[in-house]
1. Given the criterion hydrophobic (A, V, I, L, M, F, W, C), within 14 Å of another protein chain (Cβ to nearest Cβ) and crowded, with 24+ Cβ neighbours inside 10 Å, identify the matching residue among A:Ile181, A:Ile157.
2. Polar (S, T, N, Q), in contact with a strand residue (DSSP E or B) (Cβ under 8 Å, 6 or more places away or on another chain) and either outside any loop (DSSP other than H, G, I, E, B) or not assigned by TED's automatic domain parsing to the domain that holds B:Ala10 (or both): is that true of B:Thr132 in this structure?
3. Name the residues in region B:210-225 that are more than 7 Å from chain A (Cβ to nearest Cβ), closer than 14 Å to B:Ala250 by Cα and at pLDDT 90 or above, would you?
4. Determine the pairs where a residue that is acidic (Asp, Glu), located within region A:109-128, has a partner that is surrounded by 16 or more Cβ atoms within 10 Å (Cβ to Cβ) with Cβ atoms under 7 Å apart, the partner being 6 or more residues away or on another chain.
5. Being within 14 Å of chain A (Cβ to nearest Cβ) and either in contact with a Pro (Cβ under 8 Å, 6 or more places away or on another chain) or surrounded by fewer than 21 Cβ atoms within 10 Å (Cβ to Cβ) (or both) is the filter here; which residues of region B:183-200 pass it?
6. Report yes if some residue within region A:154-161 is farther than 16 Å from A:Ala100 by Cβ, in the same structural domain as A:Pro122 (by TED's automatic domain parsing), modelled with pLDDT of 95 or more and not basic (Lys, Arg); otherwise report no.
7. For residues in region B:50-88 being surrounded by 19 or more Cβ atoms within 10 Å (Cβ to Cβ) and under 18 Å from B:Leu143 (Cα atoms), which is nearest to the other protein chains (Cβ to nearest Cβ)?
8. Identify the residue in region A:254-297 that is outside any loop (DSSP other than H, G, I, E, B) and within 14 Å of chain B (Cβ to nearest Cβ) and, among all such residues, is farthest from B:Gly90 (Cα to Cα).
Amino acid sequence: MSDHRGTRPKGRESLVETVESAARLIAKARQPAIGGLGTDVDGVRAALALGLKIGAIVDHAATVYERVDLRVLSDSGVMVTTAAEARHRGDLIVLVGPGAVAWAGHASVFDNGGGLYPWRGPRGVLCIGTGGARPAHMAIDGDVAVLGDDLPLDRVIGLLRARLGGRPVAASPEGLDVTAIDAAALQMKAASFGVVVADAHDFDHVAYDSLMALVKALNAETRFTTLAVPAHHHGRGANLVSAWTTGGRLPVGMGRGYPEQDDWRFDLERAVGAGEIDALVWVGALGPELPEWAGKVPTVALIHHGAQECRADVVIEVGVPGITHAGVLTDAIRDGFAHVEPRAPQDLPSVAEVLSLLSAAIKDKAA
Amino acid sequence: MAALTFTLKAAPPERLDLSLLVPDKLKDLSAREIERLGIGTTPTGVVVGDLFTVSGTDLTDIRFAGGSDRFDGVGTGLKGASLHVDGDVGAYLGRGMKSGKIVVAGSLTGPYGATAATGGVIRVTGNAADATAASIPGAMAGLAGATLIIEGNAGDLLGDRLRRGVILVQGSVGALAGARMVGGTIISAALGRRAGQGMKRGTLIAGTVEDIEPTFVFSGSYTEAFLPLLRRWVASEAGAGFAALVPQVAQRYRGDMASLGKGEILIG
């Protein structure tokens, strides 16, 4: 591992020394930040505690999940279900956008028909604005219906909402036939339990809000709900921990001694670009890797055991919850927290342990 | 009485929250007390006196000599006073403003200028960033009754969830102008893509609209008495240059049919 730029501990004794050099780097910063946050519940709690102590901005790497999915939840409200309900009850799975198709094929939520309710009819699938993508590993009865492969997602959702409400539309420049829109609207209305699957990465908050309004409108006549593609790198768990700890979702800034939520001011990439952040602690036990923009600030990186490349100034190898040590993580399929036993235990420090040491080291400097 | 003036001494080393520097918050404070008000956003504890020289006592006329893209919250909740910034400002200019007048001789470099402002007039001589007059995440309304005048261009999401009030933009506007708006008016030379997407009520007026959404339905030429009345009002509020943005005859599109469909886009 000699190819690393930064210092890296070689054992428990050197961990203390490395943490001290990390503490020096952070202690002199005016506005530190803690990013990535790919870690278990204990790790996020430790990060928020450290953040409050040093007045840091804290955010998770799953920014789209926060700025689109969670934003629309607070803007307008959403109807959601679990993967299990979707699999067993859903007689129409509506995949909206290419991300939904990719996830439905990969996450094995729909790879069997779900046999819990014998009264459920056959399972249909409707692809909306998926750009030609079709699910490869879904259990489907009949053909996959398709609408608006060539249209921007926001536009095809708007057209569907209009026709569903019986309102007129103009001809779309892409030449989408109104009868095709009406047929899709009818198919959705005819479902007994429809499930819209969507990936927030395919949307901005306006388009996602529109999709949620479509689902709400469908509930006037039948039952319809949504299943969002889960946030990457434990983003949902990190935001839940933030909600019960700070009262709000991420990002939060604690520069004034109390947590404030602000998507724009505390956007790490923006703030680093604007020269507002002068030290970064990157937590990547579960990933992701250090982003390009981190190169502009002094960085302490907590990376998972075995990560080969890291350009941070101080690099600390940590264990991976559920692999090298036990941890509490959200289970995206069950949509709950779960204690996960280690699969291959190793004597590596956890994120919580390192951040607590870091917090203690900074206190010592201040004393 | 001389205007209460905050003269910027040095470039701010961090983002500043200037929401305290409005008459309601300053009225019982001496100059020394004002200088000790915290305006920093990091543990460093930056106070007014660190960055500004404070002079004058007239709380109805507040001036910032010098601006910065790190000036957040200027004129928050302003009521009945006049506020002038000689330079750029950051986010949340005039947030929740009730009445009075704000002039920024510069640009809005951050989002959410005039968000939830229910009254008064804000004039910006430069450009406006994305999400100006837009609702902050989780809020029901963006601009909510005030008048916002932008002499330059505006970015994307201008007036997202606009509730009430008028936005005038001399130049062009980015994508998603008036998205999800429930009332109010946006008048501009040109609107970008996805204009009015999700709007329920309200009016967008522009010389051109890029790639108008098919959920806006053409409903004829519009020559009602309303347009000359509006032009006269715009001339009195913002000047003849802005009044020229209001057409004599407009092509009217109703929408957004995806939403309630009681809004309109007038192109002319």
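The values are calculated or read from the model by the stated rules, or taken from the named source; none is laboratory data. Just so it is clear, the structure is predicted and the values come from calculations on it, not from any experiment. Cβ placement follows ideal geometry from the backbone for every residue including glycine, while neighbour counts extend to all protein chains displayed.
1. Values: A:Ile181 fails: crowded, with 24+ Cβ neighbours inside 10 Å.
After applying the criteria, what remains is A:Ile157.
2. When the stated conditions are applied, B:Thr132 passes them.
3. B:Ser219, B:Gly220, B:Ser221
4. Going by the 7 Å Cβ cut-off, the qualifying pairs are A:Asp111/A:Met138.
5. Going through region B:183-200, the residues within 14 Å of chain A (Cβ to nearest Cβ) turn out to be B:192-200.
Those that are within 14 Å of chain A (Cβ to nearest Cβ) and either in contact with a Pro (Cβ under 8 Å, 6 or more places away or on another chain) or surrounded by fewer than 21 Cβ atoms within 10 Å (Cβ to Cβ) (or both): B:Arg193, B:Lys200.
6. Going through region A:154-161, the residues farther than 16 Å from A:Ala100 by Cβ turn out to be A:155, A:158-159, A:161.
From the residues that got through so far, the ones that are in the same structural domain as A:Pro122 (by TED's automatic domain parsing) too are A:155, A:158-159, A:161.
Next cut, modelled with pLDDT of 95 or more only: A:155, A:158-159, A:161.
The next check asks that each one be not basic (Lys, Arg); those that pass are A:158-159.
Checking region A:154-161: at least one residue is farther than 16 Å from A:Ala100 by Cβ, in the same structural domain as A:Pro122 (by TED's automatic domain parsing), modelled with pLDDT of 95 or more and not basic (Lys, Arg).
7. Going through the qualifying residues, I end up with B:Asp72.
8. The residue in question is A:Ala279.
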